[in-house]
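Chemist: Structure below; questions to follow.
The values are calculated or read from the model by the stated rules, or taken from the named source; none is laboratory data. It should be emphasised that the depicted structure is a prediction, and the values quoted were computed from it without experimental measurement. Virtual Cβ from ideal backbone geometry, glycine too; neighbours counted across all protein chains shown. Accessible surface areas use protein heavy atoms only, side chains included; no ligands, DNA or RNA. Shrake-Rupley method; radii C 1.70, N 1.55, O 1.52, S 1.80 Å.
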Amino acid sequence: MKKIVLLVLFLCGLAFAIANFPGLSAQGTYRSIVLDFRESLSTPEIEKRVDAIAKQYNVEVDYNSEFSQSDHIFVLQGKQDLLDQLRSSDLKELTEFIEPNYLYQASRAPNDPDYSKQWNLRSINVESAWERTKGRGTTVAVIDTGISPVPDLKQTRIVRGYDFVNDQANAADDHGHGTHVAGTIAQSTNNGLGVAGVAHEAQLMPLKVLSRQGGGTVSDIAEAIRFAADHKADVINMSLGGGGESKLMREAIEYAHQKGVVIVAAAGNAGRNAAEYPARYPHVIAVSALDSLGNKAPYSNFGAGIDIAAPGGALQDRSGTGGILQNTITPEGESVYAAFQGTSMASPHVAGVAALIRSAGIQSPDQVEKILKQSALSSQGDAENHFGSGKLDAAAAVALSAQKNTGLGGVLAWLRNGLFFGSRIWFDAGAINWGLKLGTLGLACLIAWSWRALLPSPWNSSLLMGLNLGSVGFFLLRGLYIVDLPQWPLRILGSSIPELGGAFQGTSLLNPLFANALIPLFLIALLLSHPQWKWFAIGSAIGVTACLAISTVLFPGVLWLGNPLVARGYLAINALFCFVVARLATKTAAA
C-alpha cells in the first residue's frame with residue numbers, strides 16, 4: 001500500500017510540475033503583438049475594427065508589410081498588459097489568433113575575425129560531393145540580416161529578395177551575420193580569391209528579417225518564409241532562433257513545406273537540452289554545432305529535437321583558429337574575412353548540402369531530410385543526443401540522393417516531425433543504448449534465476465526492484481523528454497547504481513566512486529537483517545555485478561582512468577568482488 005501511495009504522490013508532483021512549467025514556448029521576449037483576423041471578414045469590417053483598436057488603446061495598428069494584406073496580419077506595439085486586454089476582449093471572436101511578436105536573435109556566439117583554413121568543408125567530405133554536383137539550378141533563401149555583395153560573392157548569382165525590417169526591395173546586410181552565412185552556402189569558388197562555399201553554383205535569395213542589432217520579429221520571419229516559398233526557393237536557411245511558440249510561424253513553415261521547400265534552422269547556442277524555435281517546429285531540420293575535432297561545440301543546444309550535426313566552430317584564440325571562415329562585412333560595411341562560431345554557422349552547411357541534393361534530382365523536402373539523416377555519420381554512445389542522426393556527410397548524401405530514396409510514408413513522417421505529439425520531442429532514441437540496457441538487465445535476471453534454490457523467488461518484488469536499480473535503473477525514463485523540463489532528473493532516475501556518478505555530471509563515462517562494489521556492500525550490511533529489504537540489497541548487488549561485467553566487456557570507460565586496459569581491470573575486479581558479496585549474502589539470507 002505504501003508503494004502505491006508513494007507512486008501516486010510522485011505522479012501528482014510530476015503532473016503539477018508539467019502543468020506549471022511555462023516552457024520555451026512562452027519564454028520569448030517581444031515588443032509588439034500580432035493580430036490575425038479571420039479570412040471570412042471583409043476588408044471594411046477589419047479596417048473598422050483596426051481603427052477602433054487604435055483609438056481605444058492609443059496605439060498604431062498596421063499591416064506588417066505589403067504582403068500581409070491578403071492574410072489580414074496586423075502588428076501593433078505593446079507588451080503583456082495589452083496582450084491580456086486584447087485576448088480578453090471580443091476581438092478574440094474575430095481573429096484566428098492574438099499572440100506576441102517574438103524577437104528571435106542571430107545564433108552566432110561571440111567571435112573575432114581572422115584568416116583560417118576551412119577545416120569545416122573537408123570534415124563534411126564536400127570535395128567528393130562536388131564531383132557529382134555543385135548546386136546548379138537551385139535557390140537557397142537566406143533569412144537573416146541580408147546579404148552584401150562582398151568580393152568573394154561576385155561570381156555567385158543573387159536573385160531578388162526583400163528587406164522585411166525596413167520594407168524595401170534592397171536586402172543589403174548591415175550586420176555581417178547574413179553575409180557570412182550566405183558565404184558558407186555559396187561563396188564564389190575556384191575564382192582565385194578567398195574561400196569556398198558548399199553549394200557555390202546555387203543562387204542566393206537575401207531576405208532581411210534581422211536588424212542591424214541582430215534581432216527580428218516572428219511576423220517578419222514568417223512573411224519571409226512565405227516570400228521564399230512563393231518565389232520558388234528550394235531551400236530556406238534560418239540561422240536564428242529564440243523562445244516563444246508562434247502559430248503564425250508554424251503556419252508559414254507548413255505553407256513552405258507544402259510548396260516543396262526544404263527548411264533548415266540553427267538549434268541555438270544556449271547549451272540547453274532542446275532545440276530553439278524555429279528549429280523545433282515540424283518540417284524544420286534542426287542543426288547542432290560541431291567543433292574542429294568533431295565534438296559537440298560547448299555552446300550548442302542538444303537533446304530533444306536535434307536532427308543532425310554540422311561544423312559550427314569553436315574559436316580557440318583571437319586569431320580565429322577553430323572558427324568558420326567566410327567573407328563578410330564589418331559593422332562599418334567593409335569587406336573582411338572573419339571566423340565566426342555558432343549553430344548559425346552549422347545550419348548553412350546543412351542548407352548547402354540540401355541544395356546539392358536538390359540539384360541531384362531529389363525534390364520532396366521529406367526525401368531530402370531523410371537522405372541527410374540516413375547519410376550522416378552516426379556516433380556511438382551519444383547518450384545526450386548531441387548529434388541527432390549523426391554528423392553531416394556531403395559526399396554520402398549526394399551519393400545516396402542518386403538512388404532517390406522515397407521514404408516510409410506520411411505516417412512515419414508525421415511521427416518524426418510532430419512537435420508536442422510526436423516522438424521527436426517526447427522521446428529520443430539517441431538518449432539511451434537499448435541493447436546495452438536490455439543485455440545488462442538480462443544478465444542480472446539470469447544470475448538471479450541461477451540462484452533460485454537460495455532465493456524465495458527470483459521474481460520477488462523487493463529483489464526485482466533491486467535488480468532493476470542495480471543494473472539499469474528506471475531506464476525507460478532516461479530516454480524520455482518532457483517538453484522544456486530539465487533532463488537531469490529523468491537521466492538520474494534512468495541510471496543504474498554504477499551509472500549514477502556519470503549521470504550527475506552529464507557524461508556516459510562511469511564514475512569510479514559509484515561504479516564499484518562499495519554501495520552494494522553498504523546496502524547489504526545495512527539491510528541484511530531486515531526480513532524483506534534484504535532481498536532488495538541482494539538484488540542491487542546482483543544488478544551491479546551485471547552492470548560492471550557488461551561494462552568491462554563492452555564499454556570500459558571510467559572517469560579519470562584514461563587507459564582502457566586500466567579501466568577494464570578496475571571494472572572486472574569490482575564486478576568479481578560484487579559477485580562474491582552478492583553470493584555470500586544470498587546464502588546468509590537463505591539460511
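Chemist: Would you mind stating whether E245 is under 21 Å from the mean Cα position of the chain (by Cα), charged (D, E, K, R), open to solvent by 20 Å² or more (accessible area, probe 1.4 Å) and at pLDDT 95 or above?
Modeler: So E245 fails the test.
Chemist: Looking at the range 298-322, which of its residues are at positive phi and in contact with a Pro (Cβ under 9 Å, 6 or more places away or on another chain)?
Modeler: Listed by number, the list holds a single entry, G320.
Chemist: What residue, of P564, P556, is open to solvent by 40 Å² or more (accessible area, probe 1.4 Å) and in contact with a Gly (Cβ under 9 Å, 6 or more places away or on another chain)?
Modeler: Just one listed residue meets the conditions, P564.
Chemist: Scan the range 26-82 residue by residue and report those that are assigned to a loop (DSSP other than H, G, I, E, B), touching a residue at least 40 places away in the same chain (Cβ under 8 Å), open to solvent by less than 70 Å² (accessible area, probe 1.4 Å) and on the phi < 0 side of the Ramachandran plot.
Modeler: Answer for the range 26-82, where residues must be assigned to a loop (DSSP other than H, G, I, E, B), touching a residue at least 40 places away in the same chain (Cβ under 8 Å), open to solvent by less than 70 Å² (accessible area, probe 1.4 Å) and on the phi < 0 side of the Ramachandran plot: G28, L41, N64, S65, S68.
Chemist: Follow-up question, since we're still on this one. Taking the range 574-583 on its own, how many of its residues are open to solvent by 70 Å² or more (accessible area, probe 1.4 Å) and either touching a residue at least 60 places away in the same chain (Cβ under 8 Å) or closer than 16 Å to W449 by Cα (or both)?
Modeler: 3
Chemist: Has the range 174-195 got any residue that is within 25 Å of S292 (Cα to Cα), of a type in the set (A, V, I, L, M, F, W, C) and assigned to a loop (DSSP other than H, G, I, E, B)?
Modeler: Yes, that holds for at least one residue.
Chemist: So which of V544, V553 ends up being under 24 Å from S450 (Cβ atoms), assigned to a helix (DSSP H, G or I) and touching a residue at least 60 places away in the same chain (Cβ under 8 Å)?
Modeler: V544
Chemist: Taking interchain pairs and intrachain pairs at least six residues apart, which have beta carbon atoms under 6 angstrom, with the first residue in the range 352-364 and touching a residue at least 60 places away in the same chain (Cβ under 8 Å) and of a type in the set (D, E, K, R) and the second assigned to a loop (DSSP other than H, G, I, E, B) and buried (at least 21 other Cβ atoms within 10 Å of the Cβ)?
Modeler: R358/T138; R358/D234
Chemist: A further question on this structure: What are the residue pairs meeting all of these: first residue in the range 286-315, first residue more than 19 Å from G479 (Cα to Cα) and outside any strand (DSSP E or B), second residue at pLDDT 95 or above and among the basic types (K, R), Cβ atoms under 6 Å, and 6 or more apart or on different chains?
Modeler: none
Okay, residues lined up against (1) out of contact with any Gly (no Cβ under 7 Å at 6 or more places or on another chain); (2) basic (K, R); (3) closer than 19 Å to L464 by Cα; (4) at pLDDT 90 or above:
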position: L526; (1), (2), (3), (4): yes, no, yes, yes
position: A541; (1), (2), (3), (4): no, no, yes, yes
position: L548; (1), (2), (3), (4): yes, no, yes, yes
position: A572; (1), (2), (3), (4): yes, no, no, yes
position: A585; (1), (2), (3), (4): yes, no, yes, yes
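Chemist: Report, ordered by the first and then the second residue, all pairs with beta carbons closer than 8 Å, sequence separation of six or more or different chains, a first member in the range 331-349 that is assigned to a strand (DSSP E or B), and a second member that is of a type in the set (V, I, T) and open to solvent by 40 Å² or more (accessible area, probe 1.4 Å).
Modeler: A339/T321
Chemist: Restricting attention to the range 330-348, which residues are open to solvent by 10 Å² or more (accessible area, probe 1.4 Å) and under 19 Å from A196 (Cβ atoms)?
Modeler: Within the range 330-348, S335, V336, Y337, F340, Q341 meet the criteria.
Chemist: On the basis of being touching a Lys or Arg at 6+ places or on another chain (Cβ under 7 Å) and at pLDDT 90 or above, does H349 make the cut?
Modeler: It is false that H349 is touching a Lys or Arg at 6+ places or on another chain (Cβ under 7 Å) and at pLDDT 90 or above.
Chemist: OK, next. If only one of V398, V368 is under 18 Å from P311 (Cβ atoms), out of contact with any Gly (no Cβ under 9 Å at 6 or more places or on another chain), crowded, with 21+ Cβ neighbours inside 10 Å and of a type in the set (V, I, T), which one is it?
Modeler: Exactly one residue qualifies, and that residue is V398.
Residue-by-condition table, conditions (1) open to solvent by 40 Å² or more (accessible area, probe 1.4 Å); (2) without any contact (Cβ under 8 Å) to a residue 24 or more places away in the chain:
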site	(1), (2)
L86	no, no
E93	yes, yes
N120	no, no
N125	yes, no
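Chemist: Right, something else. Among residues belonging to the range 280-329 that are surrounded by 22 or more Cβ atoms within 10 Å (Cβ to Cβ) and among the β-branched types (V, I, T), point out the one that is farthest from A265 (Cα to Cα).
Modeler: If we take residues in the range 280-329 being surrounded by 22 or more Cβ atoms within 10 Å (Cβ to Cβ) and among the β-branched types (V, I, T), then I329 is farthest from A265 (Cα to Cα).
Chemist: Picking from A222, A202, which residue would you name as being more than 28 Å from K154 (Cβ to Cβ) and either crowded, with 21+ Cβ neighbours inside 10 Å or modelled with pLDDT under 95 (or both)?
Modeler: A222
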